[in-house]
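Data block below; observations after.
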Amino acid sequence: MNQASSTKTRVLISSCVLRWQQGQFIRLPEISLEQGETLGVMGPSGCGKSTWLRWLLGVPQPYVTISGTITIAGKVLNSLPIEQRSIGLVMQEQALFPHYSVAENLAFALAQQKMSLRAQKALIKEQLNRIGLTNYESRKPYQLSGGERARIALLRAALAKPQLILLDEPFNGLDQARRQQVCEWTYDFLRSQGIAAIIVSHEQNDLVDAQQQLMWPQSQVDEELV
Amino acid sequence: MASEVSTVRFSGYGVAILVGLFLFLPWVVGLSGINGLVPWLTAEVWDYPGLSSVIGQSLTVGFTATTVSTLLASLIIYAEQRRPSRLWALTFTAPHLAFAVAFLWLFTPFGWIDRLLPGSWSWFEHQSLPTLTLLLISKETPFLVVLGRQQLLQLPFENWLLQARSLGASSWHSWWFVVLPAWLKSMRLLIIAVAVYSVGVVDIASVAGPMNPPLLGPLLVSWQQQFDATTVNLAAQGFWLLIALTVVMVAWVYVQETLVRKVCGRQLRRHRSLQTRRRAQAILGGVGVLRWLMFIVSMASGLTLFAMSFAEGWFYPALLPSEWSLQGGIAAVVGLAPQLFETLGIALLTATLVTLVLVWIREWQRAQSREIPDLVFIAALLLPQTALVLAWLHADSVSYVIRSETGAWWVTVYAHCWFSFAFAYLSYAPAERAETQDHLTVGRSLGFSYWRSWWYFKRPQLNGALAYAFLVSFLVSIAQYVPTLLMGQGYVSTLTTELVVLSSGAEWQAPAVAAMLLWLLALLAIIVLGSSIRRLHFSRDKKSR
Amino acid sequence: MNRRKPFVALLCAVFAALMNLNASAQESVTPAAQDEVQPTTVRFYAWAGSAEVNAYIQWASRELAESNRINLHHVKVADISEAVALVLANSAGESDAVDLLWINGENFAALKNANRLVGGLEAKVPNSRLIRSDLDWHVDFGTAVEGFELPWGIAQLQLIMHTKHVAPEQTVVTPQALLELAKGSPGRFSYPKPPSFHGTSWLKALAFQLTDNPAILTQPAEPAIIDEVLRPLWDYLDRLHPYLWHQGTEFPISAGRQRQLFNQGVVDNTVTFNPNEVRALQLQRKLAPDARSLSIGARALTNFHYLAVPRASRRQHGALEVINFLLSPRAQARKADPQGWADPSVIRLPQRDLESPDPLVASHPEPHVSWNAVLEQQWLARYQR
């Protein structure tokens, strides 16, 4: 890999290997994403995808050793704590803080940007309008439908202006009709925001709109270790 | 499918009715014993000398103990979110009366530490509000920590932390702004229990609290034990006063919780520094010091009781007694043997019954696929114990039954079970909820009956939690004072009632021996159940990762 | 139902074990339980804040078990009013709870007035004829005894102080001298809080010393004279309190608690109702070796403590037998033993020295019982803030 290409590429994940204590391992191909580009990672559940996402965030993982280099805009992130990586996360469940209103959830993402409280309020109103959830500010997450929650979770992640958003099975728990709808909306939203994203799912349908596709590799057994 | 089969098993309505009776009878009986002497403006109780101090001091203790122990517990929970320390459990299990006796001997002016380093120690006066408050805080903080951890494990707090940090907040801010308000909310019932206990505290207050005037709890019990018409009236009106203070405390817990949520909600939208390491380190260090301080104080208190039990002629300013006498201590132990056996017997019976009922109730909820709110099971903790017991005492049915020795004994055991149940439920239900019924269902598909497959397939997962629930009810039982005194009618004499009686005189050896035996009993229970509980901690460590 | 059987069996086993445990615990108190004639249980309610008193009652129950086949069960209470409340609450007929009471003063008055006590005890207890004729025990706190209780021991209120505050030959401390002492060592003196038994007694003793006409105190308290009679007492306390422990805002809850504080060096005085106690407690190393007892004024408040039997008791016969034993020369001599309880004997004894202990000073009687409530209420109204 040469230096020139890595500065141009927004997100570069290279030489990534997941190694389990029992000796299995998975070697991932090099991943590079441009601004606004999405990567769909497809694979059955329980094979290390979520673990890998957490490693990208910088959460120490038990049972698995993961090596590799994460570079965003030319900066190697490996030694940075989560809050300084500029990577957003959207989860399948508990996507929002249940005890806070929609506005409070969104404001949390804006706190790091120097902005008056009034500007914050206006921005939240405007953004909610944009995603079609006008006047949702004071609602609590339990008052929202699954689709609304998913949209607000993604909006919240985007408001923090990350370089990359990780979506971990974001459409689980939605019924089939709504799943399709939310899925399309998500890709549109990401493209319009110009944020690179990695979407992990076990459903092929969730990923058809992604520009890049990655089939999660089967784990191999390390002969030397055995 | 599983629930259909289970319903068949649980159609044993007999047990359901028995358990329902066990839980609700005390309320019915209590209601029938409530007096109508609500203290309106003209009531005698308002003329009782120093009543405003009585109320003011009770509320001060209630507010301070509740708020400070909640604050400390949240700091400890924060500091130990990854590596929970087991030392708190040790302090949590020390019987509070025994702890108070030893604490006073050690830390009061002219106490042991003062004799060791003269003039150094004049903070904790005898019969003072700060001493009492400190004692309450040092008992309630470990309680909130130990049970608070289990509440925390029921929250997806690690997910929240992850999301909050991915939004650019430090782990410090993520914890305090996102996890704390949710944890506080999940702790509401427990904190109310602490608040209610603090505002109506009797036993520790009569050993360490102010006496001129006393707090409402001890005052009410002393009124109850008088027989002239005026005092009987005062007792009846004081009952309502205590209820009123309880309501105030419950309101305070809500206010406290709302305040924290509001402040956090406001703060989370403001710009935050990422330089929080130093603050986090300070808390970690502070909690570390506190942990060892509490541990050392607990151990020192235990040793003190031991020393007092075998000391003869220990007068100010001597650092050590003029003579150690094994004989005197042993004679006192032998003299207390009946109380020791009575305490042990009642506590074992209580813990066994409570654990059985607990398991049954949880399985019943599973079978009905319905979660009954915790409130139903722990409502006993939300009213001052003294008020409840007084209501029972005035119910004709109870006063008839406890007239005979057997009746009094069983009613006392019942009261122990009922109060222990609430605490045990709090410690068992979260762990049980975290388990799935899968193992049990697999067992049943192999042809085992419901309870056999529970025993072989589900119980092993819950051994730790069961041992813990057993331990908690055991500990609650051995420390019961007011119910044993008033329901036992002099027929039931346990180490705790004996300790209070012996403390009414000037002796130090006899009360110390009673306190030491209480403590040893608690310690023994921990040692016996310890291995199972360690397993519980281990499995929790795994889960919390 | 089958699958619940093991649980039921387990439950039964636990119950059985516990009932056994319970039974064996009871037995350890009554070694004579194996006799073919069932022993009578007598439930004796008595204050239990003193190891010596408890040991004495334990001795008595051993003796009674051997000689009378009576199982004397000491029900320990922190305050005998608990038992009085119990007897008064039991309005309907016979009861198992209380067979014998250690009692005096207002507690006795309450039970006697409610007609809850067995009368004619002198005729029913043979040893009552041994009671010393020089003792004026027929009036208990102004209430005529009239056979509803029998004296068990003698009490005399005395002050206990560290030697450093007392001249070598001194046996009396006047209220005025006490005030001077307190001024000299502020924060070092206190007294048990009224309405505790000793606290109220302290007020009575002071009232006798300070009132111009002490004889009025032996009459019922007339509302018209109360203020005038008690004014010197309250004036005195107003002057004394600022120099007391906690500036007189906090008081030890009982004499027992005050003795603890005395031994721990927190305060320099305490009070006792047992004139022999100082010597006895020092022998047992339960009281600081430099403690001395002094009379408050020239005459000390003296009273008796008694034994009484509730009417509702189903085992009156056994209770009377116990009283008879407790009034026997052997039991009274044992009670007066300075190595034990050291409570003066109420009957004539061969060893005269156990009868009339040396520090027993000239006495004045208890005020009329009606003063109790007056003193307690006024004290609370003035000083409980």
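Quickly run through the stretch B:365-396 and pick out the residues that are away from every other protein chain (no Cβ under 14 Å), in a helix (DSSP H, G or I), surrounded by fewer than 17 Cβ atoms within 10 Å (Cβ to Cβ) and over 24 Å from the mean Cα position of the chain (by Cα).
B:GLN365 - this is the single residue of the stretch B:365-396 that is away from every other protein chain (no Cβ under 14 Å), in a helix (DSSP H, G or I), surrounded by fewer than 17 Cβ atoms within 10 Å (Cβ to Cβ) and over 24 Å from the mean Cα position of the chain (by Cα).
Residues to consider are A:GLY88, A:GLY147, A:GLY132, A:GLY74; find the one that is of a type outside the set (S, T, N, Q) and more than 21 Å from A:SER192 (Cβ to Cβ). Walk me through how you get there before you give the answer.
Values: A:GLY88 fails: more than 21 Å from A:SER192 (Cβ to Cβ); A:GLY147 fails: more than 21 Å from A:SER192 (Cβ to Cβ); A:GLY132 fails: more than 21 Å from A:SER192 (Cβ to Cβ).
Within the list A:GLY88, A:GLY147, A:GLY132, A:GLY74, the selection yields A:GLY74.
Just to verify a result, which residue in the stretch C:20-51, among those that are at pLDDT 60 or above, over 12 Å from C:LEU72 (Cα atoms) and at the interface with chain B (Cβ under 9 Å from one of its Cβ atoms), is farthest from the chain's Cα centre (by Cα)? Please lay out each step first, then the result.
Filtering the stretch C:20-51 down to residues at pLDDT 60 or above leaves C:37-51.
Adding the requirement that they be over 12 Å from C:LEU72 (Cα atoms) leaves C:37-38, C:47-51.
So of that shortlist, the ones also at the interface with chain B (Cβ under 9 Å from one of its Cβ atoms) come out as C:47-51.
Details: C:TRP47: 7, C:ALA48: 10, C:GLY49: 10, C:SER50: 10, C:ALA51: 14 Å.
Among them, the one singled out is C:ALA51.
So, of the residues in the stretch B:260-297 that are within 14 Å of chain A (Cβ to nearest Cβ) and modelled with pLDDT of 90 or more, which turns out to be surrounded by the most Cβ atoms within 10 Å (Cβ to Cβ)? If you could, list the steps in order and put the result at the bottom.
In the first step, residues of the stretch B:260-297 are kept if they are within 14 Å of chain A (Cβ to nearest Cβ); the result is B:260-277, B:280.
Those left that are additionally modelled with pLDDT of 90 or more: B:260-264.
Numbers: B:VAL260: 19, B:ARG261: 18, B:LYS262: 11, B:VAL263: 13, B:CYS264: 21.
Residue satisfying both the conditions and the ranking: B:CYS264.
Determine whether the stretch B:512-524 contains at least one residue that is within 12 Å of chain C (Cβ to nearest Cβ) and in a loop (DSSP other than H, G, I, E, B).
First, pick out the residues of the stretch B:512-524 that are within 12 Å of chain C (Cβ to nearest Cβ): B:512-514.
Narrowing further to those that are in a loop (DSSP other than H, G, I, E, B): none.
Checked the stretch B:512-524: no residue is within 12 Å of chain C (Cβ to nearest Cβ) and in a loop (DSSP other than H, G, I, E, B).
Just checking, which of A:SER138, A:SER101 is more than 10 Å from chain B (Cβ to nearest Cβ) and of a type in the set (Gly, Ala, Ser)?
Values: A:SER101 fails: more than 10 Å from chain B (Cβ to nearest Cβ).
None of the others qualify; the one that does is A:SER138.
List the pairs whose first member sits in the stretch C:69-85 and is more than 16 Å from C:SER313 (Cα to Cα) and outside any strand (DSSP E or B), whose second member is at pLDDT below 90 and of a type in the set (Asp, Glu), and whose Cβ atoms are under 8 Å apart, counting only residues at least 6 apart or on separate chains?
Cβ pairs passing all conditions: C:ARG69/C:ASP35.
Could you tell me how many of the residues in the stretch B:298-320 are surrounded by fewer than 21 Cβ atoms within 10 Å (Cβ to Cβ), over 16 Å from B:ALA515 (Cα atoms) and not hydroxyl-bearing (Ser, Thr, Tyr)?
7
Does the stretch A:106-124 include one or more residues that are in contact with a Ser or Thr (Cβ under 7 Å, 6 or more places away or on another chain) and either at the interface with another protein chain (Cβ under 9 Å from one of its Cβ atoms) or not in a loop (DSSP other than H, G, I, E, B) (or both)? Spell out the reasoning first.
Residues of the stretch A:106-124 in contact with a Ser or Thr (Cβ under 7 Å, 6 or more places away or on another chain): none.
Looking for residues that are in contact with a Ser or Thr (Cβ under 7 Å, 6 or more places away or on another chain) and either at the interface with another protein chain (Cβ under 9 Å from one of its Cβ atoms) or not in a loop (DSSP other than H, G, I, E, B) (or both), one finds none in the stretch A:106-124, hence no.
Looking only at the stretch B:490-503, which residues are at pLDDT below 85 and either within 13 Å of B:VAL101 (Cβ to Cβ) or surrounded by fewer than 24 Cβ atoms within 10 Å (Cβ to Cβ) (or both)?
B:GLY490, B:VAL500, B:LEU502, B:SER503
If you take the residues in the stretch B:431-448 that are touching a residue at least 12 places away in the same chain (Cβ under 8 Å) and part of a loop (DSSP other than H, G, I, E, B), which one is surrounded by the most Cβ atoms within 10 Å (Cβ to Cβ)?
Residues of the stretch B:431-448 touching a residue at least 12 places away in the same chain (Cβ under 8 Å): B:431-435, B:437, B:439-444.
Filter again for part of a loop (DSSP other than H, G, I, E, B), leaving B:435, B:437.
Details: B:GLU435: 15, B:GLN437: 19.
Checking each candidate, the answer is B:GLN437.
From the set of residues in the stretch C:138-151 that are assigned to a loop (DSSP other than H, G, I, E, B) and modelled with pLDDT of 90 or more, which is surrounded by the fewest Cβ atoms within 10 Å (Cβ to Cβ)? Quick ask: steps written out before the conclusion?
Initially, the stretch C:138-151 is screened for residues assigned to a loop (DSSP other than H, G, I, E, B), giving C:138, C:141-142, C:145-149.
Keeping just the survivors that are modelled with pLDDT of 90 or more gives C:138, C:145-149.
Details: C:HIS138: 11, C:VAL145: 20, C:GLU146: 15, C:GLY147: 17, C:PHE148: 23, C:GLU149: 28.
Among residues in the stretch C:138-151 that are assigned to a loop (DSSP other than H, G, I, E, B) and modelled with pLDDT of 90 or more, the one surrounded by the fewest Cβ atoms within 10 Å (Cβ to Cβ) is C:HIS138.
Say whether the condition of being in a helix (DSSP H, G or I), under 18 Å from the mean Cα position of the chain (by Cα), within 27 Å of B:GLN327 (Cα to Cα) and in the same structural domain as C:GLN247 (by TED's automatic domain parsing) is met by at least one residue in the stretch C:281-296. Steps first, please.
Here is the first cut: in the stretch C:281-296, the residues in a helix (DSSP H, G or I) are C:281-283.
Retained after the next criterion (residues that are under 18 Å from the mean Cα position of the chain (by Cα)): C:281.
Subset that is within 27 Å of B:GLN327 (Cα to Cα): C:281.
From what is left, the residues that are in the same structural domain as C:GLN247 (by TED's automatic domain parsing) are C:281.
Among the residues of the stretch C:281-296, at least one is in a helix (DSSP H, G or I), under 18 Å from the mean Cα position of the chain (by Cα), within 27 Å of B:GLN327 (Cα to Cα) and in the same structural domain as C:GLN247 (by TED's automatic domain parsing), which makes the answer yes.
Looking at C:ILE154, C:ILE253, which is the one that is touching a residue at least 24 places away in the same chain (Cβ under 8 Å), of a type in the set (Val, Ile, Thr), within 26 Å of B:LEU104 (Cβ to Cβ) and crowded, with 21+ Cβ neighbours inside 10 Å? Can you show your working first?
On the way: C:ILE154 fails: within 26 Å of B:LEU104 (Cβ to Cβ).
The unique qualifying residue is C:ILE253.
Restricting attention to helices (runs of 4 or more DSSP H) lying wholly within the stretch B:138-254, give those where 3 or more residues are in contact with a helix residue (DSSP H, G or I) (Cβ under 9 Å, 6 or more places away or on another chain) and within 14 Å of chain A (Cβ to nearest Cβ). Explain how you work it out, then say what you get.
Working: elements: B:157-166, B:180-186, B:188-199, B:203-208, B:216-224.
Output list reads B:157-166, B:180-186.
The values are calculated or read from the model by the stated rules, or taken from the named source; none is laboratory data. Just so you know, these numbers come straight off a predicted model, no measurement behind them. In this analysis, Cβ positions are derived from the backbone assuming ideal geometry, glycine residues included, and neighbour counts consider all displayed protein chains.
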